[in-house]
Amino acid sequence: MQKLIPTRRGKLAGMTDWHKAYAALRMTADEAATLVRGGDVLGMTGAANWPSAFDTALAQRLKTTGDHVEVNSLFVLQPYDLLAPELKSQVLFRSNFFAGGERKYAKQGNLVFCPTNLSATGAWIAARKPRVVVISCSAPDENGWMSRSLWGAQLHRSVLDACDVLLVEINDQLPSFVSEGDGHMMLHISEVDGIIENSHPPLETPPASSDETDAKIAGYIADLVDNGSCVQFGLGGLANAIGSNLAYAGKKDLGLQSEVISNCVVDLMKKGVITNRCKQDHPGRCVGAYFVGDKDLWNFAKDNPTFSFKEIDWVNDPRSISRNDHVVSINNAMEIELTGQVNAESIGSRQFSGTGGQLEWVIGSQWSKGGKSIIALRSTYTDNQGALHSKILPQLPVASIVTTPRTWVQYVVTEYGVANLKYKSVRERAEALIAIAHPDFREKLRAQLPL
C-alpha cells in the first residue's frame, strides 16, 4: 500500500502527536461559525456528508449579523438551515446537480445551477475560490487519517489545499473506506484548522424499487453485457433491476468502476457476479467515488480492501475509464429525439437533475477496447392529467438541454428493445428508435421521419 503524505499545512501542522493536535483543534460549531466573514465564499460537502452542526450554527450567526455568504455544494437531500426562507437574501447556494432538495429550494430564488460534468465538480468549486471549506469525515484511524466517507468526493483535494480555513465536522458514525494512491480520499488531522464533533447516524438512501418495465429494460441491457465486462451503472429502480438481471442471466467475472456504488453491488459481489478479476486497472477491486445506499452497503464496504475509493475527477475521467477493456456504461435519459440527441437533465428549460457524469461515461466506455455505451429510458410517461406521452420525440422541446450529443450515442434501450445508432445515417437512426418506441406512437413518429 502506497504511503499517504499530507499536502496541506493545517493550523497545527508542526505538532508531531496528532492526538494532541486533535484535542487542541476541537471547537464548538458556534466557535467555528465565527471564522466565517461577511461576503465569504464557502465550499461544503452535501448529502450524507452535510456538516449539520456547522450548518445550524452558521445559519443562526447570519440571522444575528445580517452578513451575506455564498455556499458551493450539491445533492441537497435533507432540509438545510442555511437554506431556510428567512435567509434567502443572505445565502446564495450554487449546485451543479439538482436533487429533490435543489428543485425545492430553487423556487426561493437563491439556489442556482452551474452546468458542469460531474468530474469537474472540484474544478468548478475551486474556480469560486472558497476561503472557508467545511467537510464531514469519519473518525481518524490510528495514524490520524480520516476518510472523507460517503459523499466526500464533492470537494476535491485541490479545493481543500487552496482554502484559507479548512474545518472538519467529525462524525464517528460515518463509515471509513479504503483509499490510497492517486486521487485518494483521505485527510490527515495535520491538514485541518478546526474540528467539530457531531455524532449522528448518517442519512441513508434506501434502494429504490423497480417494476415490470424496469425489468424488461434491464433484461435487454443484460444481453449486451458480456462475461468479463467492467460495468458502470447509476441509481434508482432500473439500476437495481439491472443488477438482478445480471445475476439471473448468470454473468461471470464482471468488474466495476462507477461514480456511484449502491446496494445492488453488494448482492452482485456476494453472488460472485462481480469479481473484478478481468480488470486491467485496479484488478480485484471495485472503484467508485460515492457510496449511495443504506447500512447494508456501508457495513459491507467499510474498510473493505476489495473497494478503492477515489476522487470523482479520477473515477469519471474518460482516460481512466478506458484503461479497462470491455467497459459497459449504463445511463438514464429523460427523452431522446429521432436523430439521437439525449436530454437527461431538464424538463424544457427547467433544470430537473444535472449533467452528471453521463457524457464522460459515454465517451470513456467507447474509448475502451470492446466497450459499449448504453442509454436507457422508458418509452413513455404519464402526465398529471393521465395522458400518455412518448419519450422518443421527433425533436426535443424548445429549451431542452442536450446532455449527450447524437455523435456519441451508441445503444439506446427501452422496454421494447435495443437500437444501435452508432455510425447510422440520420434516417437509419430514426427508424431504429421508432422500432423501440411505444407502439401507440410509432405511426406518428414515422410521419415525421427526418431526411
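Every number here is computed from the coordinates shown, using simple stated rules; none is lab data. Since the structure is predicted, the reported quantities are computational estimates derived from the model, not experimental observations. As a convention, Cβ positions derive from the backbone with ideal geometry for all residues, glycine included, and neighbour counts pool all protein chains shown.
Observations, loosely collected:
- Within the range 369-414, none of the trypsin sites (Lys or Arg not before Pro) combine a DSSP coil assignment with at most 10 other C-beta atoms in a 10 angstrom radius.
- Under 16 Å from Lys107, Cα to Cα: lysines that are on another chain or at least 8 residues apart: Lys88
- Entries in Lys3/Lys302; Lys251/Lys302; Lys11/Lys310; Lys216/Lys369; Lys279/Lys369 that, when Cα-Cα distance is taken, lie over 23 Å: Lys251/Lys302; Lys11/Lys310; Lys216/Lys369
- Using the alpha-carbon positions of the chain, Rg (one decimal) and Dmax (whole number) come out as 22.6, 75 Å.
- About its Cα centre, the range 18-197 has a charge dipole of approximately 700 debye under the convention of +1 per Lys or Arg Cβ and -1 per Asp or Glu Cβ, with nothing else charged.
- What the phi angles of the range 172-186 give under the Karplus curve with 6.51, -1.76 and 1.60, with θ = phi - 60°, is a coupling list of 5, 9, 6, x, 9, 10, 5, 7, 7, x, 4, x, 5, 10, 10 Hz, glycine and proline written as x.
- For the range 18-197, the alpha carbon convex hull comes to 104 Å³ per residue, rounded to a whole number.
- Between Lys295 and Asp440, the FRET efficiency from the beta-carbon distance, with R0 = 51 Å, is close to 0.75.
- Projecting the Cα positions of Val71, Pro175, Ala432 onto the charge dipole of the chain (unit charges on Cβ atoms of Lys, Arg, Asp and Glu, taken about the Cα centre) puts Ala432 furthest along the positive direction.
- Per-peptide packing, taken as the mean over residues of other Cβ atoms within 10 Å, places 359-366, 193-200 in the sequence 359-366, 193-200 from highest down.
- Rounded to 0.05, the FRET efficiency of the Asp172 and Ala447 pair, given R0 = 51 Å and the Cβ-Cβ distance, is 0.20.
- Cα gyration tensor category, rounded, prolate or oblate, for the range 1-81 with a/c compared to 1.5: prolate
- Between Gln395 and Asp211, the contour length at 0.36 nm per residue exceeds the alpha carbon distance by 63.4 nm.
- Approximate spin-label separation Asn227-Thr34, in nm, with each point projected 7 Å along Cα-to-Cβ: 6.6 nm
- Figure legend: label point modelled 7 angstrom from the Cα of Lys422 along Cα→Cβ; residues of the range 255-271 with amide N under 20 Å from it are 255-258.
- Sparsely packed loop sites in the range 370-451 (the chymotrypsin sites (Phe, Trp or Tyr not before Pro) outside DSSP H, G, I, E and B with at most 16 other Cβ atoms within 10 Å) comprise Tyr423.
- Our estimate of slack between Val112 and Asp281, defined as 0.36 nm per intervening residue step minus the Cα-Cα distance, is 57.1 nm.
- The alpha carbons of the range 212-446 stretch over 53, 37, 33 Å along the principal axes, in descending order.
- Difference of contour (0.36 nm per residue) and Cα-Cα distance, Ser199 to Glu431: 77.9 nm
- Summarising the strand pairing of the range 323-444, around 55 percent of its internal DSSP beta bridges are antiparallel.
- At an R0 of 51 angstrom, the distance between the Cβ atoms of Asp141 and Thr64 translates into a FRET efficiency of 0.85.
- Charge dipole of the chain (Cα centre as origin; +1 on each Lys and Arg Cβ, -1 on each Asp and Glu Cβ, all else neutral): 980 debye, rounded to the nearest 20.
- Partner aspartates and glutamates for Lys271 [C-alpha distance under 18 Å; skip if fewer than 8 residues away on the same chain]: Asp226, Asp253, Asp296
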